[in-house]
Amino acid sequence: MGHIGRFGKYGGQYVPETLMGALYELGEEYAKVKDDPRFTRDLAAYQTGYAGRPTPLTFCENVSRELGCRLYLKREDLVHGGSHKLNNTLGQALLAKHMGRKRLIAETGAGQHGVATAIAGAVLGLPVEVYMGEVDTQRQALNVFRMELMGAKVISVKSGTRTLKDAINEALRDWVANVRDTYYLIGSVVGPHPYPLMVRDFQSVIGMETKEQVMKKEGRLPDTIVACVGGGSNAIGIFYPFLHDDVELIGVEAGGKGIESGEHSATLCAGDAGVLHGTLSYLLQDGDGQVLPTHSIAAGLDYPGVGPEHAMLKDSRRVTYTAVNDPDVLEAFSFLSRTEGIIPALESAHAVAYVMKNADQFDSRDIVIINLSGRGDKDVAEVSKMQGGT
C-alpha cells in the first residue's frame with residue numbers, strides 16, 4: 001500500500017507539513033514491529049493476561065427463539081474496561097513505548113477510548129491526557145471520573161460543537177506542538193495513514209477469534225455479521241478477517257432522529273467524499289464542504305466522518321451499510337437486557353436493533369453474529385432519564 005495508505009481512492013495523509021515527518025516515522029516503526037515476534041508476544045501477553053481475551057462467542061437462546069435465527073454475540077463488552085477499545089490502545093501504547101515516547105494523548109467521544117487509553121497508560125507507566133468535548137463530558141460523566149481515577153487528565157473542549165470532532169481538532173493541535181515526545185493515540189480507523197491500518201490490525205483480533213469460535217461451535221462460517229459503525233473500528237475489526245469469505249457483512253450507522261430530519265450520524269448512508277482529520281473518506285457536509293453537525297443517542301457514534309476502508313467497502317458493495325433510528329435503539333437496549341441479561345452499550349444496540357427490525361429476513365438455520373462492542377453500564381443513567389426515571 002506504500003506510505004500514502006490508500007483504500008481505493010480513500011485514505012491518504014492530508015495534514016500540516018509539521019506532522020508529515022512524525023507520520024512517516026510512525027508508519028516505518030509500525031511496519032517494523034507488527035511482524036516482530038517480541039512485540040507480538042508482548043501484546044498477546046497483555047491481551048490474554050490483562051485484557052481478558054479471547055472474549056466469548058455467546059449463543060443467545062432466548063433471542064434466537066424470539067427472532068427465529070441462530071444468534072450469537074461476540075462479547076467485546078467483556079474486555080477489561082468495557083469495550084473493544086482496549087485491543088487498540090494496548091497495541092498503540094506498546095508501540096509508543098517502543099518509540100521512546102514519554103506521553104500519550106487521545107481524543108474521546110463516549111469516553112470508552114479515553115478510558116481504554118487511561119488503562120493502557122496506567123499499566124504501561126505512561127502519563128495520559130485526553131481531549132473530550134464539553135457536551136460529552138456532561139453526558140458521560142462516569143467515564144470522565146474513571147479516566148481521572150486511573151491517573152489521566154481530561155481536558156474539556158469548549159470550541160465548535162463541543163463533541164468528538166472538536167476533541168480531535170484539539171488533540172491534533174497538541175500533537176503538532178509536542179511531536180517529539182508525544183504519541184497521539186487515535187481510537188478509531190480514522191485519521192491520516194498509518195492510523196486506519198494500525199487500528200484495523202489491532203482490532204482484527206475480534207474477527208480472527210470469531211472465525212475460530214464459530215467453526216468450533218457450528219462447524220461452518222456465519223451467514224451474517226452485524227456491527228455498529230461510528231468511526232468504524234469495532235466493525236472493521238470483526239469484518240476484516242471475513243472479507244474474502246461468503247459471509248454477509250452489515251454495518252449499522254446512527255440514524256438518530258431519521259436521516260430526513262438532518263439529525264443523524266449516518267455518514268456512509270447520507271454523506272459524500274471529503275477530507276476530515278487528515279483522511280479522505282465519506283463525510284457529512286453541506287454544499288460548501290462545511291462539516292455538518294451530527295446527532296446520535298450514542299456518543300460513540302456521534303462523528304461526521306468514517307474510516308476510509310469502510311468508504312471503499314461501501315463503494316465496492318462488499319459491506320452493506322444501513323442506519324437505525326434512536327427509538328429502535330432504545331427498544332433494542334431494553335430487549336437484550338430483558339431477554340439475555342446483557343446490557344449493551346447504546347452504540348452496540350444499533351446492531352441489535354438492525355437484527356430485530358430485519359428478523360423476517362433470517363430463517364431458523366441462519367447463523368447471525370452481532371459484534372457487541374461494549375457494555376451499557378455507561379448509558380444506564382442517561383437511558384433512565386430518557387425513560388422518565390430520575
Got a number for residues in region 277-309 being over 17 Å from residue 168 (Cβ atoms) and of a type outside the set (D, E, K, R)?
-> 5
May I ask you to list the residues in region 366-388 that are open to solvent by less than 10 Å² (accessible area, probe 1.4 Å) and over 22 Å from residue 55 (Cβ atoms)?
-> 383
Of the listed residues (280, 284), the one being within 16 Å of residue 259 (Cα to Cα) and over 17 Å from the mean Cα position of the chain (by Cα) is 284
Exactly one of 43, 19 is aliphatic (A, V, I, L, M), surrounded by 12 or more Cβ atoms within 10 Å (Cβ to Cβ), modelled with pLDDT under 95 and part of a helix (DSSP H, G or I), and that one is 19
Identify all residues within region 247-262 that are open to solvent by 40 Å² or more (accessible area, probe 1.4 Å) and closer than 15 Å to residue 328 by Cβ; write none if there are none.
-> 257, 259, 261
With (1) in contact with a helix residue (DSSP H, G or I) (Cβ under 7 Å, 6 or more places away or on another chain); (2) under 30 Å from residue 173 (Cβ atoms); (3) surrounded by fewer than 21 Cβ atoms within 10 Å (Cβ to Cβ) as the list, and residue 11 as the residue in question, which single condition is left unmet?
-> (3)
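Do we find that residue 115 is part of a helix (DSSP H, G or I) and over 23 Å from residue 197 (Cα atoms) in this structure? Please lay out each step first, then the result.
Details: part of a helix (DSSP H, G or I): yes; over 23 Å from residue 197 (Cα atoms): no.
No; evaluated as a whole, the condition is false for this residue.
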Being under 21 Å from residue 292 (Cβ atoms) and among the hydroxyl-bearing types (Ser, Thr, Tyr) narrows 163, 137 down to just 163
Residue 192 versus (1) assigned to a helix (DSSP H, G or I); (2) open to solvent by less than 20 Å² (accessible area, probe 1.4 Å): which is the lone unmet condition?
-> (1)
Could you pull out the residue among 322, 294, 339 that is in a strand (DSSP E or B), open to solvent by less than 60 Å² (accessible area, probe 1.4 Å) and hydroxyl-bearing (Ser, Thr, Tyr)?
-> 322
Scope region 132-168; condition in contact (Cβ under 8 Å) with a residue 40 or more places away in the chain and assigned to a helix (DSSP H, G or I); matching residues | 136, 139, 142, 143, 164, 165, 167, 168
List every residue pair whose Cβ atoms lie under 9 Å apart, where the two residues are 6 or more positions apart in sequence or sit on different chains, the first residue falls within region 12-27 and is closer than 16 Å to residue 181 by Cα and in contact (Cβ under 8 Å) with a residue 24 or more places away in the chain, and the second residue, located anywhere, is surrounded by 18 or more Cβ atoms within 10 Å (Cβ to Cβ) and of a type in the set (S, T, N, Q).
-> 19/13; 23/13
Can you tell me which residue in region 95-111 is nearest to residue 162 (Cα to Cα), limited to those that are open to solvent by 20 Å² or more (accessible area, probe 1.4 Å) and of a type outside the set (Gly, Ala, Ser)?
-> 103
Identify all residues within region 169-189 that are among the acidic types (Asp, Glu), in a helix (DSSP H, G or I) and within 21 Å of residue 97 (Cα to Cα); write none if there are none.
-> 174
Top-ranked residue in region 127-143 [being touching a helix residue (DSSP H, G or I) at 6+ places or on another chain (Cβ under 8 Å) and open to solvent by 20 Å² or more (accessible area, probe 1.4 Å); ranked as nearest to residue 192 (Cα to Cα)] | 131
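Being outside any helix (DSSP H, G or I) and among the β-branched types (Val, Ile, Thr) is the filter; apply it to region 55-88 and report the residue that is most open to solvent (accessible area, probe 1.4 Å). Full working, then the answer.
Kept after step one, since they are outside any helix (DSSP H, G or I), are these residues of region 55-88: 55-60, 68-75, 79-84.
In the following step, the residues that additionally are among the β-branched types (Val, Ile, Thr) were identified as 55, 58, 79.
Values: 55: 1, 58: 36, 79: 1 Å².
Only one residue tops the list, namely 58.
The values are calculated or read from the model by the stated rules, or taken from the named source; none is laboratory data. Keep in mind the model is a prediction, meaning the values are calculated, not measured. Cβ: placed from backbone, ideal geometry, glycine included. Neighbour counts: every protein chain shown. Just the protein is used for accessible areas: all its heavy atoms, side chains included, with ligands, DNA and RNA removed. Shrake-Rupley method; radii C 1.70, N 1.55, O 1.52, S 1.80 Å.
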